[in-house]
Every structure is written in structure tokens, then in C-alpha cells.
There are 2 protein chains.
Amino acid sequence: MIETLNKAFCTLPGVGSKTAQRFVYHLLERNRDGGFELAKALVDAMEHVQHCNSCRTLSEKTLCNICANDVRDDTQLCVVETPADIHAIEQSGVYRGKYFVLSGYLSPIDGIGASELGLDELEQKLVERHIKEIILATNATVEGEVTAHYISNMAKQFEVQITRIAHGIPIGGELEYADINTIAHALSGRKNYT
Amino acid sequence: MIETLNKAFCTLPGVGSKTAQRFVYHLLERNRDGGFELAKALVDAMEHVQHCNSCRTLSEKTLCNICANDVRDDTQLCVVETPADIHAIEQSGVYRGKYFVLSGYLSPIDGIGASELGLDELEQKLVERHIKEIILATNATVEGEVTAHYISNMAKQFEVQITRIAHGIPIGGELEYADINTIAHALSGRKNYT
């Protein structure tokens, strides 16, 4: 039983057997109620959390809070890779538009093509809605760039502004410690200083 | 629901909201079956795992595998702070005696005294059984040392050899990077080189 629980914890990302053991002993020795609560929360979430019908993020309702919010700008659509990215952008508090979640990136070798990422749905949105700007916020990785490029190609047939989030030196970051790719991006993406 | 699960994960030691979020999204997006299995394993363990009647470690049975194993030396008793310590010692494969788990260390300020650590039971064992050696394997912290000292005082009234595990430079460790306390212990605990 202890071993089974240990193995179950090991399936979580970044959790090895030492960490799993720490979780197991902590729950068994100090917080059994917490263990039951975690089990209940897990079952609830696994059973009831689905994807938002509109933006494909994880949501308990058919339409997530952001999609259901009429105050948010319907003409801006920010395309991200994962629901966690929405969370990160929302925390910055500067974006008032809507989202679209790809749930990954294009990776033909893994069998992840346009339809797996819901790009048909995205195209449908561009046809139906009056979207003025599509913001490509996929990650700054090779896969993220390829995915962004693919979407921008697809979106070109519509009258829509296609933008990509800026890449450069992080705020608070020091040039000295930035990697060469970041510096190259920061230089080529330089703006007029006002 | 997502938020509840996130908070439930945050009760685990060393898990903050970012890590919890990673767990949640991983389970929801990629491994719902794993989520259900984890929930089941949690409930099973929280309900059925108890303490061994003899050594007080966590066990599914009234007597743990080690205590129930007649091949193991009944005359040696290794006193450890937690069940995880038993696991660590067992992995080294050099100890063939039995164990006693304190489930913590003496900490009068937190209301943890001799009875909470089961020192009465330990004394009872010394009275009843033919224990020849008691190995103090509490941690090399102030609390662990105090606890070891207390137990050694208690055990003195019995005809039993009282030993403490060695402290010094870890194998593979470099003197240059060892902290001063470890070096001091390593020097004062030096042995004749054969």
C-alpha cells in the first residue's frame, strides 16, 4: 500500500521516489485528513474538469470564466500552448482579450498535427468572429516558433493583424547572464527609445 | 475544482503553487487515469496503514515485515527518528538487526516528551528482550543528539551496549566542501588506520 502510493506519486512530473517517499510519510504521519482531501479533490477534478468549448482551456463549465466574460475584448485572440500559459498571462494583468489554447505544439513526428491542436476551430473563429488581432504567444522554443509560423500562415488569408509577443532580456535580468539567443533576439527586436 | 486540487497539492511538503499547478495540468491534460489511481492509492493508504505494534514504523500489518522476520538479529536494536530512516538504512544492506521508530525527537517546547516518542515501550523492550546492543541512529542535529543522549541515559540501567552511528565526511565527499561541524566530528571521531 505504501509502495503503491509511492509509485502513484512518482507519475507526477518532477517527482522521484525520494520526493514521493517524503509525501507518503508526511501524509501518513502528520496529515491523514490532508490525504483524504487530496484524494477527493483528485477524483472531483478528474471527473468534472473538461475543456472549454470555446477556447479549449481546462474548465469545470462548458464555457470558461474568461470566454463567458462579456467585458473582455472579443476582437483580440491570444494563442497559447497550455492552460498554464493563460494563468501566467492573467497574473500579469495587462491583457483584456480572449484566448485560444492549442494544448501543445505542432510535432508531426509525434502525430500532433493541425487538427490535434484545434487549428480548424481556430480558423473557424477567424471566419465567424470579428477578430482584429491574433497574438501568437507560443513558447520561444523551436516547436513554439514553428507552430506560430504555421498559424500566422493560416491567418494571413483573413483580414487580421498577426502579432508575436516580444522576446528579449527578462525584466530584472542581467545582460551578462543572458544566453546568446536571447541577446540576439533582444538586439534584432530593438525599438526606438522614447 | 482546479483551485481546490491545487490547494490540496500545496499541503505536501516542498510543493508550492507553481509545482501544484504543474501536477494539476499534467494529470488533467495527460494522465487522468493516473489521477484516479493516485486518489485510490491515497485512500487505501490513509485508511489501512497503521503503526507496527513492535517497532512503531508505518505498516499495513500489525507487525511489520522486519519485526516479523525471524532471521533478523533480535539482540540488536537500531533507534531511528522516522520510518524513512529505516528505509535508508535498509537500502545500505549492512544492518541485520531490528528497529525502533521514535516518530520524531524530544522537543518539550512542542509537547513532545518521552511518552510521545514511545520511550516507555523502548524501555519495556530492554526489560523483556535480550537486547545486547542499542544503536542510536537519530539525526546529527541538536534535537537528534539530545534525544540520543536521553535514550542512552535511560538504557544505562540495563546491561546493554549503547552505540551511536559514526559522523564524519560522507563517502565521496570532499574535505574542502564539508562544513566545520562535520570536520570537527570527523577529526574527533578518528580511528586507527589499519
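The values are calculated or read from the model by the stated rules, or taken from the named source; none is laboratory data. Remember, predicted model here, so these are calculated numbers, not experimental data. With ideal geometry, Cβ positions are generated from the backbone for all residues, glycine too; neighbour counts draw on all protein chains shown. Areas reflect the complete protein model, heavy atoms only, side chains present, ligands, DNA and RNA absent. Shrake-Rupley method; radii C 1.70, N 1.55, O 1.52, S 1.80 Å.
Checking the conditions here, which among B:Ala84, B:Ala88 is in contact with a helix residue (DSSP H, G or I) (Cβ under 8 Å, 6 or more places away or on another chain), of a type in the set (Gly, Ala, Ser) and either in a helix (DSSP H, G or I) or under 13 Å from B:Ile134 (Cβ atoms) (or both)?
Values: B:Ala88 fails: in contact with a helix residue (DSSP H, G or I) (Cβ under 8 Å, 6 or more places away or on another chain).
That would be B:Ala84, the only listed residue that is in contact with a helix residue (DSSP H, G or I) (Cβ under 8 Å, 6 or more places away or on another chain), of a type in the set (Gly, Ala, Ser) and either in a helix (DSSP H, G or I) or under 13 Å from B:Ile134 (Cβ atoms) (or both).
If the requirement is being open to solvent by less than 20 Å² (accessible area, probe 1.4 Å) and either more than 16 Å from A:Ala39 (Cα to Cα) or in the same structural domain as B:Ile134 (by TED's automatic domain parsing) (or both), which of these qualifies: B:Lys98, B:Lys18?
B:Lys98
So for region B:49-70 (the condition being on the phi > 0 side of the Ramachandran plot and touching a residue at least 12 places away in the same chain (Cβ under 8 Å)), does at least one residue qualify? Let's see the steps before the verdict.
Initial filter on region B:49-70 (on the phi > 0 side of the Ramachandran plot): B:56.
Next cut, touching a residue at least 12 places away in the same chain (Cβ under 8 Å) only: B:56.
There is at least one residue in region B:49-70 that is on the phi > 0 side of the Ramachandran plot and touching a residue at least 12 places away in the same chain (Cβ under 8 Å).
Can you confirm whether B:Asp74 is part of a loop (DSSP other than H, G, I, E, B), more than 7 Å from chain A (Cβ to nearest Cβ) and of a type outside the set (Lys, Arg)? Working first, answer last.
Details: part of a loop (DSSP other than H, G, I, E, B): no; more than 7 Å from chain A (Cβ to nearest Cβ): yes; of a type outside the set (Lys, Arg): yes.
When the stated conditions are applied, B:Asp74 does not pass them.
Among residues belonging to region A:149-172 that are in a helix (DSSP H, G or I) and in contact (Cβ under 8 Å) with a residue 24 or more places away in the chain, point out the one that is most open to solvent (accessible area, probe 1.4 Å).
A:Tyr150
Condition first: of a type in the set (Val, Ile, Thr) and away from chain B (no Cβ under 12 Å). Now tell me which residues in region A:41-70 satisfy that.
A:Thr62, A:Ile66
For region A:94-138, give me the residue count where each residue is modelled with pLDDT of 90 or more and either within 13 Å of the chain's Cα centre (by Cα) or not in a helix (DSSP H, G or I) (or both).
Of the residues in region A:94-138, 17 are modelled with pLDDT of 90 or more and either within 13 Å of the chain's Cα centre (by Cα) or not in a helix (DSSP H, G or I) (or both).
Looking at B:Thr11, B:Thr82, B:Thr75 in this structure, which one is closer than 27 Å to B:Ser152 by Cβ and buried (at least 16 other Cβ atoms within 10 Å of the Cβ)?
B:Thr82
For the list (1) assigned to a loop (DSSP other than H, G, I, E, B); (2) touching a residue at least 12 places away in the same chain (Cβ under 8 Å), I need the number of the one condition that B:Val79 fails.
For B:Val79, the failing item is (1).
Of everything in region A:21-40 that's facing chain B (nearest Cβ under 7 Å) and open to solvent by 80 Å² or more (accessible area, probe 1.4 Å), which residue is nearest to the chain's Cα centre (by Cα)?
A:Glu37
So which pairs qualify, if the first residue must be in region A:97-126 and closer than 23 Å to A:Arg72 by Cβ, the second must be open to solvent by 20 Å² or more (accessible area, probe 1.4 Å) and of a type outside the set (Ser, Thr, Tyr), the Cβ gap must be under 6 Å, and the two must be at least 6 apart or on different chains?
Correct list of pairs: A:Gly97/A:Asp73; A:Gly97/A:Gln76; A:Val101/A:Arg56; A:Gly118/A:Arg56; A:Leu126/A:Phe158.
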